[in-house]
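**Q** Dropping the structure in here first, questions after.
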Amino acid sequence: MKEQLRSLIEQALDGLRKAGTLPADAVAAFVLERTKSREHGDFATNAAMALAKPARSNPRALAQALVAALPQSTLLQKVEIAGPGFINFFLSPAAYHEEVKQVLAAGAQYGRSTIGGNKKTQIEFVSANPTGPLHIGHGRGAVVGDCLARVLAATGSDVGREFYYNDAGAQIDNLAKSVQARCLGIDVDDPRWPADGYRGDYIKDVARAFLAGDVAHADGRDVQASGDANDLDAIRRFAVAYLRHEQDLDLQAFGVAPFDTYYLESSLYTDGLVEKTASELIAHGHTFEQDGALWLRTTDYGDDKDRVMRKSDGSYTYFLPDVAYHVTKWKRGYQRVINEHGSDHHSTLMRVKAGLQALDMGIPKGWPEYVLHQMVTVMRDGQEVKLGKRAGGYVTLRDLIDEVGRDATRYFLIARKSDSQMVFDIDLARSQSNDNPVYYIQYAHARVCSVLRQLDERGIQWDRANGLAKLDKLGSEHEAALMAEISRYPEVVEAAALNLEPHLIASYLRELAYALHTYYNAHQFIVEDVDVRDARIALAVAARQALANGLDLLGVSAPEQM
RNA sequence: GCGCCCGUAGCUCAGUUGGAUAGAGUACCAGCUUCCGAAGCUGGGUGUCGGGGGUUCGAAUCCCUCCGGGCGCGCCA
């Protein structure tokens with residue numbers, strides 16, 4: 001709908017250029033947007049204001065010329081010039097009727113597009129190290145990444161979802177030692193307890209399973225526990241697989257797993273990619289030695305100080321494998337990479353990018369892209385629930401899903417812009433009342449389903465074709481508002497994709513649900529007049545379709561009854 | 001101290017990349033069901049857009065500065 005209108009404006013501008021009203025080289029980016037109030041029509045553009053300067057004309061005069069040059073179209077009912085030179089477009093009812101027809105024709109495809117150009121895109125997210133259960137912060141990252149993947153796929157990108165984890169470093173050593181200590185019956189307050197050990201109770205579960213000789217399954221591999229508490233290496237392998245499996249169970253319960261690929265940091269070493277990356281950085285002359293360590297001159301790329309890449313003991317700092325890892329992404333052919341991380345990792349962004357630039361491989365400066373999410377504060381009974389991963393005893397993602405449900409957890413975590421801190425109110429999320437937006441939206445969907453069930457019970461047939469042919473019977477404000485709301489859906493999906501902001505869909509759905517509830521309350525759908533009845537149901541079903549498609553992009557269910 | 005993010009109604013948050021009179025939800029008050037599900041609907045008021053400068057036809061949005069909050073600042077990951 002918006003695209004058709006934009007095309008009309010472009011045609012008018014072409015006409016003005018040919019007529020000499022506009023210089024041939026006058027190309028200004030203009031905005032075509034939904035209006036805030038109905039008085040200003042459905043859409044408005046600032047084209048005349050944006051082009052006034054190059055045209056050496058005043059905005060209102062140019063607006064008049066532009067309006068006069070608009071091609072005839074059944075889309076438009078009225079065009080007005082307002083304020084300093086806005087052009088307001090009032091769409092015809094027929095334009096909205098056409099949109100409703102398209103919704104029903106497209107079904108689950110409605111709102112999908114090809115603007116992504118089939119670009120090979122990777123989204124890396126969650127990427128939690130297997131040292132414990134996932135917490136709510138991982139949950140936020142999981143939904144944001146998952147919804148981004150869904151939205152980008154729906155807008156024509158070729159999306160791969162990847163989970164990267166460290167299965168070999170110092171943290172994993174601590175994990176293995178912690179499990180070993182538990183195997184030996186050492187408690188956290190025992191002086192023999194490892195210094196940076198993981199104190200959470202889940203470590204006991206791992207130890208118990210290891211001693212029992214269980215098999216842990218993760219990422220396509222089975223790891224058999226030897227049961228030998230003295231074999232730290234065996235404990236390490238088992239603990240990693242065990243905790244990865246636990247995370248997978250959590251992610252499955254959250255509707256996020258499985259990922260397309262799981263990438264292990266250890267493979268970067270065994271495949272020699274870390275060494276190779278180091279030697280190439282040296283060969284390109286961006287390194288220097290000092291104090292027995294090898295440094296990368298990241299200050300050449302905007303960092304505030306240079307960074308050690310190989311420590312004086314010969315081992316590498318974490319960021320070198322990170323660079324090597326991103327080289328694999330580049331070599332795997334991803335034209336676009338989006339990394340979703342917690343904002344506490346933002347300091348790594350510049351280092352990784354500096355490392356990639358220093359390799360002189362022709363990687364664009366803006367590659368990879370990052371989406372960061374801020375902290376989540378959890379509230380229960382008006383009090384903050386403190387998180388603390390290393391101490392154990394924190395609110396896990398699993399606890400949250402078990403308590404408030406998958407749908408509400410996902411919706412709450414995706415409804416806010418990811419770069420602002422948010423408060424997760426457990427009491428609100430689990431309340432089954434009109435306070436809770438996720439129920440409000442799902443109820444709108446269920447209500448339409450309920451109407452269709454009611455038709456069935458009364459033995460009434462809905463003639464879809466007749467309904468679509470009789471949409472002009474729907475002239476009320478409620479109906480116009482609902483049609484307008486439905487027609488925004490493709491624009492919202494596109495904006496979410498372009499800005500990497502899936503929360504836009506969450507707010508949109510609430511507004512769409514509002515339009516439907518309002519309509520439902522003001523009008524009876526199942527009426528005697530067959531034409532009106534068929535048309536109203538066609539509109540309701542179109543609304544249901546937009547609700548269902550939007551909920552699907554959020555990974556939230558669209559129930560037929562509550 | 002330096003870097004990144006944030007500051008919008010009592011509270012939780014939007015604000016379509018610089019547009020028109022800054023919006024929702026919630027809370028509070030008053031109403032609405034012989035009718036397809038009341039998990040709903042209809043009214044009622046709320047702002048120094050943290051403060052101050054600047055850029056321009058026009059700023060919550062961009063720049064500078066100050067205040068306040070979060071995160072990061074290791075030869076940890």
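**Q** Among (1) within 9 Å of RNA strand B (Cβ to nearest atom); (2) surrounded by fewer than 16 Cβ atoms within 10 Å (Cβ to Cβ); (3) within 30 Å of A:THR155 (Cα to Cα), where does A:ARG464 come up short?
**A** (1)
**Q** Among the residues of segment A:508-532, how many are near RNA strand B (Cβ under 6 Å from one of its atoms), farther than 16 Å from A:TYR439 by Cβ and in contact (Cβ under 8 Å) with a residue 60 or more places away in the chain?
**A** So the answer is 2.
**Q** Moving to a separate point now. Select, from A:LEU387, A:LEU356, the only residue that is at pLDDT 90 or above and either among the aliphatic types (A, V, I, L, M) or closer than 25 Å to A:GLY141 by Cα (or both).
**A** A:LEU356
**Q** Same structure again: Based on what the data block shows, is A:ALA128 under 25 Å from A:TYR269 (Cα atoms) and in contact with a His (Cβ under 6 Å, 6 or more places away or on another chain)? Give the steps one after another, and end with the answer.
**A** Working: under 25 Å from A:TYR269 (Cα atoms): yes; in contact with a His (Cβ under 6 Å, 6 or more places away or on another chain): yes.
When the stated conditions are applied, A:ALA128 passes them.
**Q** Could we say that A:ARG453 is away from RNA strand B (no atom under 11 Å from the Cβ) and either crowded, with 20+ Cβ neighbours inside 10 Å or of a type in the set (D, E, K, R) (or both) here?
**A** no
**Q** A further question follows. So in segment A:31-66, with the set limited to residues that are part of a loop (DSSP other than H, G, I, E, B), within 9 Å of RNA strand B (Cβ to nearest atom) and not charged (D, E, K, R), which one is modelled with the lowest pLDDT? Reasoning before the result, please.
**A** Taking segment A:31-66 and keeping what is part of a loop (DSSP other than H, G, I, E, B), we get A:31, A:35-37, A:41-42, A:46, A:56-58.
Still in the list and also within 9 Å of RNA strand B (Cβ to nearest atom): A:31, A:35-37, A:41, A:46.
Pick out the ones that are also not charged (D, E, K, R) and you get A:31, A:35, A:37, A:41, A:46.
Working: A:VAL31: 86, A:THR35: 88, A:SER37: 80, A:GLY41: 88, A:ASN46: 89.
That would be A:SER37.
**Q** Which one of these does A:ILE426 not meet: (1) surrounded by fewer than 20 Cβ atoms within 10 Å (Cβ to Cβ); (2) in contact with a strand residue (DSSP E or B) (Cβ under 8 Å, 6 or more places away or on another chain)?
**A** Failed condition: (1).
**Q** Give the number of residues within segment A:10-30 that are crowded, with 20+ Cβ neighbours inside 10 Å and near RNA strand B (Cβ under 10 Å from one of its atoms).
**A** Number of matching residues: 0.
**Q** Now for a different question. Would you please name the residue that is nearest to A:GLY342 (Cα to Cα), looking only at residues in segment A:107-130 that are surrounded by 24 or more Cβ atoms within 10 Å (Cβ to Cβ) and among the β-branched types (Val, Ile, Thr)?
**A** A:VAL126
**Q** Tell me whether segment A:554-562 contains one or more residues that are assigned to a loop (DSSP other than H, G, I, E, B), surrounded by 24 or more Cβ atoms within 10 Å (Cβ to Cβ) and modelled with pLDDT of 95 or more.
**A** The answer is yes; a qualifying residue exists.
**Q** Here's another thing I want to ask about it. Applying the selection to segment A:533-560, what residues are more than 9 Å from RNA strand B (Cβ to nearest atom), out of contact with any Phe, Trp or Tyr (no Cβ under 9 Å at 6 or more places or on another chain) and within 20 Å of A:ARG458 (Cα to Cα)?
**A** A:ALA535
**Q** Taking segment A:208-235, which residues are more than 11 Å from A:GLN180 (Cβ to Cβ), free of Cβ contacts under 8 Å to residues at least 40 places away in the same chain, assigned to a loop (DSSP other than H, G, I, E, B) and of a type in the set (D, E, K, R)?
**A** A:ASP214
**Q** Which ones in segment A:445-488 are part of a loop (DSSP other than H, G, I, E, B) and touching a residue at least 60 places away in the same chain (Cβ under 8 Å)?
**A** Of everything in segment A:445-488, those that are part of a loop (DSSP other than H, G, I, E, B) and touching a residue at least 60 places away in the same chain (Cβ under 8 Å) turn out to be A:ARG458, A:ILE460, A:TRP462, A:ASP463, A:LYS470, A:LEU474, A:GLY475.
**Q** Which residue pairs have Cβ atoms closer than 9 Å, lie 6 or more positions apart in sequence or on different chains, and pair a first residue in segment A:167-186 that is within 17 Å of A:ALA209 (Cβ to Cβ) with a second residue that is among the aromatic types (Phe, Trp, Tyr) and surrounded by fewer than 17 Cβ atoms within 10 Å (Cβ to Cβ)?
**A** A:SER178/A:TRP193; A:ALA181/A:TRP193
**Q** Which members of segment A:404-431 meet the condition of being touching a residue at least 24 places away in the same chain (Cβ under 8 Å) and outside any helix (DSSP H, G or I)?
**A** A:GLY405, A:ALA415, A:ARG416, A:LYS417, A:SER418, A:ASP419, A:SER420, A:GLN421, A:MET422, A:VAL423, A:PHE424, A:ASP425
**Q** Looking at (1) among the aromatic types (Phe, Trp, Tyr); (2) under 12 Å from A:PRO321 (Cβ atoms); (3) in a loop (DSSP other than H, G, I, E, B), find the lone condition where A:PHE259 falls short.
**A** Going through the list (1) among the aromatic types (Phe, Trp, Tyr); (2) under 12 Å from A:PRO321 (Cβ atoms); (3) in a loop (DSSP other than H, G, I, E, B), A:PHE259 breaks only (2).
**Q** Mind listing whichever residues of segment A:90-111 are touching a residue at least 24 places away in the same chain (Cβ under 8 Å) and touching a strand residue (DSSP E or B) at 6+ places or on another chain (Cβ under 6 Å)?
**A** A:PHE90, the sole residue that qualifies.
Conditions tested, residue by residue: (1) more than 13 Å from A:ASP260 (Cβ to Cβ); (2) outside any helix (DSSP H, G or I); (3) free of Cβ contacts under 8 Å to residues at least 60 places away in the same chain; (4) in contact with a Leu (Cβ under 9 Å, 6 or more places away or on another chain).
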site	(1), (2), (3), (4)
A:ALA128	yes, yes, no, yes
A:PRO133	yes, yes, no, yes
A:HIS138	yes, no, no, yes
A:VAL151	yes, no, no, yes
A:GLY156	yes, yes, yes, no
A:ARG161	no, yes, no, no
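**Q** Which of the residues spanning segment A:287-336 are within 9 Å of RNA strand B (Cβ to nearest atom), among the charged types (D, E, K, R) and part of a helix (DSSP H, G or I)?
**A** Listed by number, the list holds a single entry, A:ASP322.
**Q** Within segment A:195-246, which residues are acidic (Asp, Glu) and surrounded by fewer than 18 Cβ atoms within 10 Å (Cβ to Cβ)?
**A** Scanning segment A:195-246 gives A:ASP196, A:ASP201, A:ASP205, A:ASP214, A:ASP222, A:ASP228, A:ASP231, A:ASP233.
**Q** Next question, about the same structure. State all residues of segment A:71-119 that are within 16 Å of RNA strand B (Cβ to nearest atom) and in a loop (DSSP other than H, G, I, E, B); if no residue qualifies, say none.
**A** Listed by number, the residues that qualify are A:GLY83, A:PRO84, A:GLY85, A:GLY111, A:SER113, A:ILE115, A:GLY116.
**Q** Scan segment A:268-286 for residues that are part of a helix (DSSP H, G or I) and surrounded by 14 or more Cβ atoms within 10 Å (Cβ to Cβ) and jot them down.
**A** A:LEU268, A:TYR269, A:LEU273, A:VAL274, A:GLU275, A:THR277, A:ALA278, A:GLU280, A:LEU281, A:ILE282
**Q** Something else: Residue check: is A:ALA257 of a type outside the set (S, T, N, Q) and surrounded by 17 or more Cβ atoms within 10 Å (Cβ to Cβ)?
**A** yes
The values are calculated or read from the model by the stated rules, or taken from the named source; none is laboratory data. Keep in mind it's a predicted model, so treat the numbers as computed, not measured. Quick reminder, even Gly has a Cβ in these numbers, built from the backbone with ideal geometry, and neighbours come from all protein chains shown.
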